[in-house]
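These notes are about the structure you will find just below.
The values are calculated or read from the model by the stated rules, or taken from the named source; none is laboratory data. Here the structure is a predicted model, which is why all the values come from computation and not from measurement. Note: ideal-geometry Cβ built from the backbone for every residue, glycine included; neighbour counts use all protein chains shown. Ligands, DNA and RNA are excluded from the accessible area calculation, which covers all protein heavy atoms including side chains. Shrake-Rupley method; radii C 1.70, N 1.55, O 1.52, S 1.80 Å.
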Amino acid sequence: DVKVTQSSRYLVKRTGEKVFLECVQDMDHENMFWYRQDPGLGLRLIYFSYDVKMKEKGDIPEGYSVSREKKERFSLILESASTNQTSMYLCASSLSLFIQTEAFFGQGTRLTVV
Amino acid sequence: QQQVKQSPQSLIVQKGGISIINCAYENTAFDYFPWYQQFPGKGPALLIAIRPDVSEKKEGRFTISFNKSAKQFSLHIMDSQPGDSATYFCAARREFTGGGNKLTFGTGTQLKVEL
């Protein structure tokens, strides 16, 4: 059974803290993604990676960075958390090689910044 | 700028009725159009998908209709059931040279099917 695992379901952090969100996939997928989900705004892409050590900015990268040191792991970093980064964060992965590739999502991390 | 526009934002349908969700896109580089279903507390999961060279795809009670010239596609849920109550997202995929690809999502439709 394919799996994308996010390290935490719920996180509460203080303003200004450095926050790490971890994601691991066991499907040997090339692509990995970080989205944030907010009511009325849908899923918005923060960053994605199509290979180890490669990263591309998505639609809303400001205030975030990522790291992909190993193929199966993709980390999202909030350098200095702010209250407007309170959101649901979703990690996903997909293959690159075939046209009809499904993106598999983790269960999400609900981050609250106080 | 919303590259994939989805409507309605919410929808209430009676059990046995037809649920219809619409999406429109602008970028002709999109090459794959999936729909995702999300239940509360879960990540989205692929429901059904279509390529732009096909006008319709049906899987059970779920059908995608695709109009390439109008750059629109829609999800139809026939004989809607309370278990279909969820949030639905349309998406469009763009592939990049070098092998990477990314999905752009619509804003979501919260569907409630009432008894």
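Using a cut-off of 14 Å between beta-carbons, work out the net charge of the residues near A:Lys71 (Lys and Arg +1, Asp and Glu -1, A:Lys71 not included).
Neighbour charge sum, excluding A:Lys71 itself: -1.
Starting at the first residue of the range B:103-115, write each ³J(HN,Hα) from the Karplus equation 6.51 cos²θ - 1.76 cosθ + 1.60 with θ = phi - 60°, in whole Hz, x for Gly and Pro.
Those phi angles translate into 9, 10, 9, x, 7, x, 10, 8, 9, 10, 9, 9, 5 Hz.
Loop-only check: which GluC sites (Glu not before Pro) in the range A:41-114 are DSSP coil with at most 12 other Cβ within 10 angstrom?
Filter output for the range A:41-114: A:Glu62, A:Glu79.
Once you have a ≥ b ≥ c as the square roots of the Cα gyration tensor eigenvalues for the range B:29-111, tell me rounded if a/c is under 1.5, and otherwise prolate or oblate according to whether a/b is larger than b/c.
Cα axes put the range B:29-111 in the oblate bin.
Take the alpha-carbon centre of the range A:10-66, take the same for the range B:26-42, and report the distance between them in whole Å.
17
Using a 1.4 Å probe on the protein heavy atoms, what percent of the accessible area of the range B:1-55 belongs to carbon and sulfur?
Within the range B:1-55, the accessible surface is 50 percent carbon and sulfur.
Using the Karplus equation 6.51 cos²θ - 1.76 cosθ + 1.60 (θ = phi - 60°), what ³J(HN,Hα) coupling, rounded to whole Hz, does each residue of the range B:24-40 give in order, writing x for Gly and Pro?
9, 10, 10, 7, 6, 7, 5, 10, 6, 10, x, 10, 10, 10, 10, 9, x
Indicate the residues belonging to the range A:47-72 that lose 10 Å² or more of solvent-accessible heavy-atom surface (probe 1.4 Å) upon moving from the chain alone to the assembly of all protein chains, ignoring ligands and nucleic acids.
Those residues are A:Phe48, A:Tyr50, A:Asp59.
List the accessible area buried at the contact between B and A, summed over both sides and calculated with a 1.4 Å probe, in Å² to the nearest 100.
Protein heavy atoms only, the B-A interface buries about 2000 Å².
Cut-off 10 angstrom, C-alpha nodes, Gaussian network model of chain B. Which of B:Gly83, B:Gly41, B:Gly17 fluctuates the most?
B:Gly41
What does the accessible area of A:Cys91 come to, in Å² to the nearest 10, when a probe of 1.4 Å is used?
Number for this one is 0 Å².
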